[in-house]
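Visitor: I'd like to ask some things about the structure below.
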Amino acid sequence: MTHLVIQAVLAATVLFFVFNLAALHTWMERKQSALMQDRIGANRAWIVFPRWLAPLNWLLRSFNVLGLFHPIADAIKMFTKEDYIPPKGDKFLHTLAPCLSLFFALVGFAAIPFGNTIEVGGHVINLQVANINVALLYIFAVASMGVYGVVLAGFSSNNNYAVLGGLRASSQMLSYEIAIGLTVMGIVMIYGSLNLQELVRAQGHYLFGWLPLWGFVVQPIGFLLFIAAGIAETKRIPYDAPEGESEIIGYFVEYSGMKFGMFYFTDYLETIMIASLATTLFFGGWQVPYLTQAGFQFPWGAAFALAPLTVSILQILSFVMKVLFFCWLFMAIRWTLPRFRYDQLLKLGWHYMFPLALANVFITALILLMVPK
Amino acid sequence: MIRTKTVKRPELNLWEKLYFPEVFRGVLLTSKHFFKNLTLHAFHAIGLFRKIAAAVTIQYPEQLWKLPGRSRTRHRLTKREDGSPRCVACMMCETVCPARCIYIVAEEHPDPNIEKRPKSFDIDLGKCVYCGFCVEACPEDAIRMDTKILDIAAYSREEMKLDMNELLNPTIAKAISAKP
């Protein structure tokens, strides 16, 4: 019973943070792009109370100035807009598609470990919603199911442009699934596990006694390819040929209101998913360099004892910071690069990424065979 | 014989074809702007370095763009020393106006030295093209376009019309009425 409660609390916490981070991504998108382009960004959605509540206004002021209420304004707009279903479209599938997309984007987070085990009141809690021993396979399986939502959205709209967008999306996602699957093979071979918690623990070792043995140290090419293919999975610029909001219009042309919002939300969730995967696989997950369960132990001999709870909090913070860094990086890439043409996109996937990832796997295998354990 | 000029397109070298280094360079450039502006915004928030702008944005209704001295903006009618309009209702501006947005009704001036004065002087800003011909044509320097009023908006065509009183006193900038 307590086990169930603990799992429910963990799941609720992860959902809470993921949802809020995804909503904040709309704010990040606006503000970061504005700063990158020497602008100010959206700052007009103000909440101002009458004069007799002046202290509240004073508290809200910085939120107002920073434009932090724009996500709320967005939500109100999305929920109050007309929910249009094309008269000749498939009503059931049209409604099902965004739900499928959102669902499969969300369930992947169950397998992401965001901290080491902590002990609370005699219970040892593994900071991971579901400790699956093939977590990596599970995440990729769930992520590739997401393409169903996209294709169904295209087909059920009864719109040629939507169908074409859905087809573009499916071929792009299938192509990059292969590349992304191969890029992480090197990591799996080196650390010898598909369990993400085990993978993160294995990254706590040190090369030459001082260099953290994180994924990107041993798999630099794999890391770059993973980032490149991962952004393709999120269907955001530069790989936004399936959506192409401004001109080639994609699979969600016929969606309005919150159903469109769900697709939009899925993009952000997938970005966070790829960011947390990149953190877990290549940036040591919740590992903090030189931090053991007993406290800091630096390679030059210094040591600094810490309480177990402090260590856990530091580790969770480290995970969150790394994920935020990757979210920032993806946003920076999204606002820097132009879109790939469709043929360039598939060529990049099949002609460059796939062979490179394959070569990476072979070279890793050779090195692993030659280097004695 | 038609001579054609072949434009040589820039060839990418291997380093650029690798794509990753160029992506890195691009992201470096944009994130340089990002961090510069972020630091500046942070400093502005605590009241430092206000002189260095962190953004080129002009926050429009609160902050107005400085107009060039010669820009043509909403019209005004100039006054004599006693406050009456300088206009002598010669109809030059009404005649020259390409948009035909000026409507003058003339009447006799009480002063025998001046022939006429406008009984009414209306400008339909909905039609005006801001060419400035009326200012050029006026022999009496009675109409000018130097009020620096640019935010002219209304919910109906009627509200876009200005009468003589409004033209003589440009400080009465018409407020946009509530939506009818």
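Visitor: Check whether at least one residue in segment B:153-175 is touching a residue at least 12 places away in the same chain (Cβ under 8 Å), among the β-branched types (Val, Ile, Thr) and not in a strand (DSSP E or B), and report yes or no.
Guide: no
Visitor: Now, a different point. Does segment A:128-157 hold any residues that are within 18 Å of the chain's Cα centre (by Cα) and part of a loop (DSSP other than H, G, I, E, B), and which are they? Write out each step before concluding.
Guide: Taking segment A:128-157 as the starting set, the residues that turn out to be within 18 Å of the chain's Cα centre (by Cα) are A:128-130, A:135-147, A:149-150.
Selection gives A:Gln128, A:Val129, A:Ala130.
Visitor: How many residues does segment A:316-331 contain that are among the β-branched types (Val, Ile, Thr) and within 14 Å of chain B (Cβ to nearest Cβ)?
Guide: Qualifying residue count for the region: 0.
Visitor: Which ones in segment A:239-277 are among the small types (Gly, Ala, Ser), in a helix (DSSP H, G or I) and surrounded by fewer than 23 Cβ atoms within 10 Å (Cβ to Cβ)? Spell out how you get there, then give the answer.
Guide: Start the filter on segment A:239-277 by keeping residues that are among the small types (Gly, Ala, Ser), which leaves A:241, A:244, A:246, A:250, A:256-257, A:261, A:275-276.
Still in the running and in a helix (DSSP H, G or I): A:257, A:261, A:275-276.
Passing the criteria: A:Gly257, A:Gly261.
Visitor: Related question: Based on this model, can you work out whether A:Val124 counts as within 30 Å of A:Val5 (Cβ to Cβ), exposed (fewer than 13 other Cβ atoms within 10 Å of the Cβ) and either touching a residue at least 40 places away in the same chain (Cβ under 8 Å) or in contact with a strand residue (DSSP E or B) (Cβ under 9 Å, 6 or more places away or on another chain) (or both)? Please lay out each step first, then the result.
Guide: Details: within 30 Å of A:Val5 (Cβ to Cβ): yes; exposed (fewer than 13 other Cβ atoms within 10 Å of the Cβ): yes; either touching a residue at least 40 places away in the same chain (Cβ under 8 Å) or in contact with a strand residue (DSSP E or B) (Cβ under 9 Å, 6 or more places away or on another chain) (or both): yes.
Considered against the rule, which asks whether it is within 30 Å of A:Val5 (Cβ to Cβ), exposed (fewer than 13 other Cβ atoms within 10 Å of the Cβ) and either touching a residue at least 40 places away in the same chain (Cβ under 8 Å) or in contact with a strand residue (DSSP E or B) (Cβ under 9 Å, 6 or more places away or on another chain) (or both), A:Val124 comes out as yes.
Yes or no, residue by residue, for (1) in a helix (DSSP H, G or I); (2) of a type in the set (Val, Ile, Thr); (3) touching a helix residue (DSSP H, G or I) at 6+ places or on another chain (Cβ under 9 Å):
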residue	(1), (2), (3)
B:Arg9	no, no, no
B:Pro21	yes, no, yes
B:Ala54	no, no, yes
B:Ser71	no, no, no
B:Glu94	yes, no, yes
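Visitor: Look at B:Ala142 and say whether it is surrounded by 18 or more Cβ atoms within 10 Å (Cβ to Cβ), touching a residue at least 12 places away in the same chain (Cβ under 8 Å) and out of contact with any Asp or Glu (no Cβ under 8 Å at 6 or more places or on another chain). Steps first, answer last, please.
Guide: Numbers: surrounded by 18 or more Cβ atoms within 10 Å (Cβ to Cβ): yes; touching a residue at least 12 places away in the same chain (Cβ under 8 Å): yes; out of contact with any Asp or Glu (no Cβ under 8 Å at 6 or more places or on another chain): yes.
So B:Ala142 passes the test.
Visitor: When you look at A:Leu329, is it part of a helix (DSSP H, G or I) and out of contact with any His (no Cβ under 8 Å at 6 or more places or on another chain), yes or no?
Guide: Numbers: part of a helix (DSSP H, G or I): yes; out of contact with any His (no Cβ under 8 Å at 6 or more places or on another chain): yes.
When the stated conditions are applied, A:Leu329 passes them.
Visitor: How many of the residues in segment A:332-345 are more than 19 Å from A:Phe282 (Cα to Cα) and within 13 Å of another protein chain (Cβ to nearest Cβ)? Walk me through how you get there before you give the answer.
Guide: Step one: list which residues in segment A:332-345 are more than 19 Å from A:Phe282 (Cα to Cα), which gives A:332, A:334-345.
The next check asks that each one be within 13 Å of another protein chain (Cβ to nearest Cβ); those that pass are A:332, A:334-338, A:340, A:344-345.
So the count comes out to 9.
Visitor: Can you name the residue in segment B:28-58 that is among the basic types (Lys, Arg) and surrounded by 10 or more Cβ atoms within 10 Å (Cβ to Cβ) and is also nearest to A:Ile40 (Cα to Cα) among such residues?
Guide: Taking segment B:28-58 first, the residues among the basic types (Lys, Arg) are B:32, B:36, B:50-51.
From what's left, surrounded by 10 or more Cβ atoms within 10 Å (Cβ to Cβ): B:32, B:36, B:50.
Values: B:Lys32: 16, B:Lys36: 13, B:Arg50: 15 Å.
The selected residue is B:Lys36.
Visitor: Scan segment A:299-315 residue by residue and report those that are assigned to a helix (DSSP H, G or I) and either within 14 Å of chain B (Cβ to nearest Cβ) or buried (at least 16 other Cβ atoms within 10 Å of the Cβ) (or both).
Guide: Result: A:Val311, A:Ser312, A:Leu314, A:Gln315.
Visitor: OK, next. Could you count how many residues in segment A:120-173 are of a type in the set (Phe, Trp, Tyr) and more than 28 Å from A:Leu15 (Cα to Cα)?
Guide: Number of matching residues: 2.
Visitor: Before we move on, is B:Arg25 more than 15 Å from A:Ile40 (Cβ to Cβ), more than 8 Å from chain A (Cβ to nearest Cβ) and under 33 Å from the mean Cα position of the chain (by Cα)?
Guide: No: the conditions fail for B:Arg25.
Visitor: Right, another one. When segment B:28-48 is examined, which residues are found to be farther than 18 Å from A:Met331 by Cβ and either part of a loop (DSSP other than H, G, I, E, B) or at the interface with chain A (Cβ under 8 Å from one of its Cβ atoms) (or both)?
Guide: B:Ile46, B:Gly47, B:Leu48
Visitor: Let me ask something else. So which residues in segment A:158-168 are outside any helix (DSSP H, G or I) and surrounded by 17 or more Cβ atoms within 10 Å (Cβ to Cβ), if there are any at all?
Guide: A:Asn159
FYI, it's all coordinate maths here, none of it is from the lab. These figures come from a predicted structure and were not determined experimentally. As a convention, Cβ positions derive from the backbone with ideal geometry for all residues, glycine included, and neighbour counts pool all protein chains shown.
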